[in-house]
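Report on the structure given below.
The values are calculated or read from the model by the stated rules, or taken from the named source; none is laboratory data. Source: prediction; values computed, not measured. Every residue, glycine among them, receives a Cβ derived from its backbone with ideal geometry; neighbour counts consider all protein chains shown. We work out accessible area using only protein heavy atoms, side chains counted, and drop any ligands, DNA or RNA first. Shrake-Rupley method; radii C 1.70, N 1.55, O 1.52, S 1.80 Å.
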Number of protein chains: 2
Amino acid sequence: MDDPVLLTGAEGRVGQAILSDLSAEYEWRLLDRDPPTRDTDHEFVVADITDEEAVREAVEGVGAIVHLAGDPRPEAPWNSVLSNNIDGTRNVLEAAVTEGVEKVVFASSNHAVGAYETDERTPDMYRPSDDYRLDGTELPRPSNLYGVSKATGEVLGRYYHDEHGLSVVCVRIGNLTKNHPPKDYERGQAMWLSHRDCAHLFDRCLQADYDYEIVYGISDNDRKYYSIENAREVLGYDPQDNSAEFANAEC
Amino acid sequence: MDDPVLLTGAEGRVGQAILSDLSAEYEWRLLDRDPPTRDTDHEFVVADITDEEAVREAVEGVGAIVHLAGDPRPEAPWNSVLSNNIDGTRNVLEAAVTEGVEKVVFASSNHAVGAYETDERTPDMYRPSDDYRLDGTELPRPSNLYGVSKATGEVLGRYYHDEHGLSVVCVRIGNLTKNHPPKDYERGQAMWLSHRDCAHLFDRCLQADYDYEIVYGISDNDRKYYSIENAREVLGYDPQDNSAEFANAEC
């Protein structure tokens with residue numbers, strides 16, 4: 001990609017995982033609500049994602065957008081996710097259309113489908129022997145209002161694709177942790193996403209051609225209950241990690 | 001149902017269709033943003049659906065809610081549907097939980113799935129011989145931002161059911177017209193909903209037992225591309241009308 005790539009929410013955990021491996025691979029334009037907390041060689045825009053005009057200016061001249069900005073707290077209150085996550089995502093998609101950007105990678109979340117984890121299914125669904133799978137064709141079932149806001153971002157992406165031809169991929173990100181999977185937490189091991197798999201996945205989202213897709217963003221964990229087949233097929237995702245390869249990750 | 005039923009957006013077209021047949025069947029508490037434009041025997045609350053406290057007060061003591069209020073325009077701008085339709089619906093669901101209401105009937109829309117009507121499928125899908133069907137298990141594909149807001153209302157309903165045990169049915173309302181189906185408009189004939197079928201359907205939504213459901217609200221039209229099987233099975237919906245029985249409705 002020759003044009004710059006806008007990375008919103010660049011200072012967050014997912015943004016830093018992406019930049020740790022892909023800093024030199026793209027001409028990044030970073031955006032965050034607060035000024036950078038560490039040195040960066042990249043252009044840095046300080047703007048609130050709810051500021052329609054500032055977002056439009058930040059999008060000017062980029063070839064693609066990785067949209068991570070928003071309130072990341074699963075327990076975030078409604079007014080915050082309504083504004084930061086729902087209205088903010090709409091600002092990004094609208095700006096993309098206005099400025100002729102062709103591709104938007106949207107950070108959705110496992111919380112968009114968290115309520116599939118019913119008392120009847122858990123903890124069996126977190127274990128390697130269980131073959132229950134969500135694959136992205138199921139209706140949203142959020143486990144909190146944050147998850148509602150992410151499901152809404154997916155619907156907005158669908159609309160902007162159908163109506164305006166924007167390429168949109170929604171990545172339902174699992175449990176991103178550095179170095180090793182969460183300990184003593186079966187669910188987190190089932191949906192673990194390693195830093196290098198995270199960076200590789202978002203790289204594939206920027207490189208591949210697609211119309212509108214929903215994919216799960218997790219490593220190739222033995223415990224997985226999210227299918228990664230669509231990510232493999234559509235994006236060429238080829239994860240290297242598996243939470244089972246770490247001590248304390250067995251059943 | 002012994003307790004009153006709150007009807008939000010009571011002055012709108014759907015509200016009037018419901019009241020025309022069911023005025024005497026329930027103890028209605030009507031709510032609208034503006035004062036009533038005609039005489040009514042029912043309690044009438046003037047309140048804006050975006051006013052959290054006023055909505056909570058209106059919900060106090062009711063046994064069920066039929067939630068129709070919102071900006072009904074398919075071309076409504078984002079800020080209006082964000083506030084009136086998305087935030088407004090969340091206010092109603094939150095108030096229902098706070099006040100211990102057990103059942104909410106949510107007026108969704110055909111526009112939540114309007115983008116399935118692609119150039120390749122139309123106009124064939126509007127014709128009796130075509131067997132393409134949407135049945136409510138498909139992912140939302142809104143045709144406008146109004147449709148995005150209705151799909152979001154459905155997701156909110158799913159969350160409030162899963163998290164709080166509220167019974168929620170989302171009715172994707174078709175093309176409601178009085179007396180006869182739209183003329184020279186195949187799409188409108190395919191998704192026609194007669195006034196008496198509309199009233200009967202919402203009556204069934206108030207009477208039946210369910211957890212969370214998405215149903216299509218149309219008459220039993222030969223031209224239909226929305227399945228009404230789920231409405232029949234879950235609600236006992238038994239429509240009496242069919243747009244094909246009117247002149248100018250043939251292929």
Out of the residues in the range B:17-42 meeting the condition of being closer than 22 Å to B:T89 by Cβ and surrounded by fewer than 18 Cβ atoms within 10 Å (Cβ to Cβ), tell me which one is modelled with the highest pLDDT.
B:R33
Can you find even one residue in the range B:21-35 that is within 17 Å of the chain's Cα centre (by Cα) and within 14 Å of another protein chain (Cβ to nearest Cβ)?
no
Hey, can you tell me all the residues within the range A:179-206 that are open to solvent by 10 Å² or more (accessible area, probe 1.4 Å), more than 23 Å from A:A151 (Cα to Cα) and in contact (Cβ under 8 Å) with a residue 40 or more places away in the chain?
A:H180, A:K183, A:D184, A:E186, A:H195, A:R196, A:H200
Failed condition for A:R158, given (1) in contact with a helix residue (DSSP H, G or I) (Cβ under 7 Å, 6 or more places away or on another chain); (2) part of a helix (DSSP H, G or I); (3) closer than 22 Å to B:G136 by Cα, with all others met?
(1)
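So in the range B:187-219, with the set limited to residues that are among the aliphatic types (A, V, I, L, M) and part of a helix (DSSP H, G or I), which one is farthest from B:D238 (Cα to Cα)?
In the first step, residues of the range B:187-219 are kept if they are among the aliphatic types (A, V, I, L, M); the result is B:190-191, B:193, B:199, B:201, B:206, B:208, B:214-215, B:218.
After this cut, where a residue has to be part of a helix (DSSP H, G or I) as well, the list is B:190, B:199, B:201, B:206.
Details: B:A190: 17, B:A199: 11, B:L201: 8, B:L206: 15 Å.
Among residues in the range B:187-219 that are among the aliphatic types (A, V, I, L, M) and part of a helix (DSSP H, G or I), the one farthest from B:D238 (Cα to Cα) is B:A190.
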Single match in A:N179, A:N175 (criterion: of a type in the set (S, T, N, Q), away from every other protein chain (no Cβ under 14 Å) and in contact with a strand residue (DSSP E or B) (Cβ under 6 Å, 6 or more places away or on another chain)):
A:N175
Evaluation of A:A96 against (1) open to solvent by 20 Å² or more (accessible area, probe 1.4 Å); (2) over 30 Å from B:L93 (Cβ atoms); (3) not β-branched (V, I, T) (one fails), failing number:
(1)
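Quick one: in the range B:161-172, of everything that is in contact with a helix residue (DSSP H, G or I) (Cβ under 8 Å, 6 or more places away or on another chain) and open to solvent by 10 Å² or more (accessible area, probe 1.4 Å), which residue is nearest to the other protein chains (Cβ to nearest Cβ)?
Of all residues in the range B:161-172, those in contact with a helix residue (DSSP H, G or I) (Cβ under 8 Å, 6 or more places away or on another chain) come to B:162-164, B:166-172.
Filter once more, keeping what is open to solvent by 10 Å² or more (accessible area, probe 1.4 Å): B:162-164, B:167.
Working: B:D162: 4, B:E163: 7, B:H164: 11, B:S167: 16 Å.
Only one residue tops the list, namely B:D162.
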Is one or more of the residues making up the range B:126-133 within 13 Å of chain A (Cβ to nearest Cβ), at pLDDT 95 or above and either outside any loop (DSSP other than H, G, I, E, B) or in contact with a Ser or Thr (Cβ under 6 Å, 6 or more places away or on another chain) (or both)?
no
Residue under question is A:D131, and the condition is that it be under 21 Å from A:P4 (Cα atoms) and surrounded by fewer than 14 Cβ atoms within 10 Å (Cβ to Cβ); does it hold?
no
Determine the pairs where a residue that is modelled with pLDDT of 95 or more and in a loop (DSSP other than H, G, I, E, B), located within the range B:220-237, has a partner that is among the basic types (K, R) and open to solvent by 40 Å² or more (accessible area, probe 1.4 Å) with Cβ atoms under 7 Å apart, the partner being 6 or more residues away or on another chain.
B:R223/B:R127; B:Y225/B:R133; B:S227/B:R133; B:G236/B:R204; B:Y237/B:R204
